[in-house]
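Notes follow once the structure below has been shown.
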């Protein structure tokens, strides 16, 4: 859980950290804040320089790393590192993000945590539905629900 910000400028810093008009220089200064919530807002900001996103990807606070992972402008090399993060919620954030590169989503389908794997597969499915079928989607056994549905909707079975 991010720490509480006790600085008298915390609210204005938080607002500036999320603003599209804040300069890159100011975002870098705000990215070094003692307050994790401010660093998290900087990590979410699409205008944050890539160098600062690299720094924030190593932040001690998992919420900051999740924000970096879900920023669509985070460099792929940073996402690669975060996809192996020890915190499962960071990996879930990457697995749920539709801007995550397809190759990383496919790799996360084999994550040791079954929830991460399921979320990555779900995101690939969503992307497949939006943008057509994805090649090389990891194969898996159909779920019990899918098996039951195919049996009940089989026209040959209904005719008998």
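None of the figures in this text is laboratory data; all of them are computed from the coordinates on show. None of these values were measured; they are calculated from a predicted model. Because the Cβ atoms are built from the backbone with ideal geometry, glycine has one as well, and the counts that use them run over all protein chains shown.
Give me the extension gain from residue 110 to residue 122: residue separation times 0.36 nm, minus the current Cα-Cα distance, reported in nm with one decimal. Present the calculation step by step, with values, prior to reporting the outcome.
Values: separation 12, 0.36 × 12 = 4.32 nm, distance 1.29 nm.
Here the segment from residue 110 to residue 122 would lengthen by 3.0 nm.
At a threshold of 8 angstrom on Cα-Cα distance, excluding pairs fewer than six apart, so keeping six or more, what relative contact order does the stretch 43-115 reach in percent? If you can, show how the numbers build up before the last one.
Working: 77 pairs, mean separation 19.1, N = 73.
Taking the mean separation of contacting Cα pairs over the length of the stretch 43-115, I get 26 percent.
Pulled fully out, how much extra length does the chain show between residue 28 and residue 80, if you take 0.36 nm times their separation in residues and subtract their Cα-Cα distance?
Stretched fully, the residue 28-residue 80 segment lengthens by 16.5 nm.
Based on the mean of other beta carbon atoms within 10 Å per residue, what is the order of 13-26, 30-43, 69-82, most packed first?
Descending mean neighbour count gives 30-43, 69-82, 13-26.
Please report the Cα spread of the stretch 20-98 along all three principal axes, rounded to whole Å, starting with the longest.
The principal-axis extents, from largest down, are 30, 23, 17 Å.
Per residue, how big is the convex hull of the stretch 64-108 when only Cα atoms are used? Give it in Å³.
Here the figure is 59 Å³ per residue.
What is the fewest-to-most order of 66, 94, 126 by other Cβ atoms lying within 10 Å of their Cβ?
Ordered from fewest to most neighbouring Cβ atoms within 10 Å, 66, 94, 126 come out as 126, 66, 94.
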